[in-house]
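Here is the structure we will look at, set down as structure tokens.
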Amino acid sequence: MIALFALALILYLKKKEEWAGYSLFLITLLIGIVYFYYIYYPHSSNHIVVYAPSQEKVTVIGEVVSHPQLKERRIRFTIEAKKIIENEQEKTTQGRVWVVSYFPLENYDYGDTIKLEGRLRLPRETEEEKFNWQRYLSYQGIWVELATGMVTVVKRGGEAFLVRWAYKSRNWMVRVIEHTLPEKHSAVLKGIMLGDKESLPSEVQESFLRTGTGQPVPVQLG
């Protein structure tokens, strides 16, 4: 990359602007590729993906970084992992985990630090050809899933007062939309206005991914 930059400078000084332009284009392209791979794929040696898939149950401690959503009698949310306990050994870790909890009555929210118990697994591509679940999660920086019935609140996120207030306002808007529009139309409107991508039909989500608009929502918390 440095060699290409030096070549572009030499060509420019020799008044070969066209070739200098080509060299600068290649430099920009290479920088873009390197940057994409750097931010897209996890590189840390203690990333949570290193422990997946796990043969035995592990304990993960992390912070809830998305608003828990109830769907089909299960709660779905994302955590930023902080620690993992495996074979009675506690280790520091990082990275986001997609969590599905089978006990919808557990009381936790955005900003809370929680402890989970379950088996880590890598997201799988769904059998439906219309929607790639693994790719959908990876675009959000999520490379690991965990299904659990064991959720314990370690610490309440009291410092996230403004975010909690925003989510309460968001929930009020969700109720208004759901009572005003039919299910499919309300799902699309919630996805565009509020970032509620979980309620979007799979064919709509796949259309967003194909067109490069996987993050089409301007108002999205978590």
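The values are calculated or read from the model by the stated rules, or taken from the named source; none is laboratory data. Since the model is a prediction, treat every value here as computed from it, not as a measurement. Backbone-built Cβ (ideal geometry, glycine too); neighbour counts: all protein chains shown.
Remarks
- So residue 73, is it over 23 Å from residue 44 (Cα atoms) and either surrounded by 14 or more Cβ atoms within 10 Å (Cβ to Cβ) or modelled with pLDDT under 85 (or both): yes
- Sole exception among (1) within 35 Å of the chain's Cα centre (by Cα); (2) modelled with pLDDT under 80 for residue 3, by number: (1)
Table: residues versus (1) in contact with a Leu (Cβ under 6 Å, 6 or more places away or on another chain); (2) in a loop (DSSP other than H, G, I, E, B); (3) buried (at least 16 other Cβ atoms within 10 Å of the Cβ); (4) assigned by TED's automatic domain parsing to the domain that holds residue 194.
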{"position": "55", "(1), (2), (3), (4)": "no, yes, no, no"}
{"position": "60", "(1), (2), (3), (4)": "yes, no, yes, no"}
{"position": "63", "(1), (2), (3), (4)": "no, no, yes, no"}
{"position": "77", "(1), (2), (3), (4)": "no, no, yes, no"}
{"position": "81", "(1), (2), (3), (4)": "no, no, yes, no"}
{"position": "84", "(1), (2), (3), (4)": "no, no, yes, no"}
{"position": "111", "(1), (2), (3), (4)": "no, yes, yes, no"}
{"position": "114", "(1), (2), (3), (4)": "no, no, yes, no"}
{"position": "117", "(1), (2), (3), (4)": "no, no, no, no"}
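- For beta carbons closer than 7 Å, sequence separation of 6+ or different chains, a first residue in region 163-180 that is farther than 17 Å from residue 64 by Cα and a second that is of a type in the set (Gly, Ala, Ser) and at pLDDT below 80, the qualifying pairs are 177/186; 178/186.
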